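Report on the following structure.
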Amino acid sequence: MTKKVNFLGVEFDVIDNQMIADAEADEKHHHDYMVIRCVDTNPNAGSLSLRTRRRRTPCEVCHEICWIDPLSYESTAHLNHTIICQMCMLKKVERKGDA
Ligand SMILES: [Zn+2]
């Protein structure tokens with residue numbers, strides 16, 4: 001919910017403290033789960049057990065097919081995730097740096 005604040009005769013929309021707190025809580029509960037794009041990996045890399053259990057999953061940002069290790073993913077599955085490839089993560093970090 002927004003409220004109006006009158007500052008020197010000019011009305012501004014301000015978001016209230018609860019909205020800010022909610023946004024901060026969302027941010028805390030949200031995690032980027034970084035995965036590696038299949039095209040960027042050596043098919044023979046990693047241990048045999050990892051190669052056996054890993055699955056393909058699309059990056060939720062660019063939809064490139066990536067590898068996901070269900071064992072490590074499930075340990076964090078209760079968190080609010082965005083599955084993101086390393087290339088999108090890089091772009092995101094660079095964007096944050098500009099801001
Ligand atoms: Zn991506």
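General observations
- Residues of segment 58-82 satisfying the condition of being modelled with pLDDT under 95 and either in contact with a His (Cβ under 6 Å, 6 or more places away or on another chain) or within 16 Å of residue 30 (Cα to Cα) (or both): 73, 74, 75, 76, 77, 78, 79, 80, 81, 82
- Wholly enclosed strands (runs of 3 or more DSSP E) of segment 28-71 bearing at least 1 residues within 14 Å of the chain's Cα centre (by Cα), free of Cβ contacts under 8 Å to residues at least 60 places away in the same chain and away from the ligand (no atom under 14 Å from the Cβ): 30-37
- Consider segment 72-98 and keep the residues that are without any contact (Cβ under 8 Å) to a residue 24 or more places away in the chain and open to solvent by less than 100 Å² (accessible area, probe 1.4 Å). The one that is nearest to the ligand (Cβ to nearest atom) is 90.
- In segment 10-35, residue modelled with the highest pLDDT [restricted to those that are within 22 Å of residue 86 (Cα to Cα) and open to solvent by 80 Å² or more (accessible area, probe 1.4 Å)]: 34
The values are calculated or read from the model by the stated rules, or taken from the named source; none is laboratory data. Worth saying up front: this structure is predicted, and the values here are computed from it rather than measured. Neighbour counts run over all protein chains shown; Cβ positions are idealised from the backbone, glycine included. Only protein heavy atoms, including side chains, enter the accessible area calculation; ligands, DNA and RNA are left aside. Shrake-Rupley method; radii C 1.70, N 1.55, O 1.52, S 1.80 Å.
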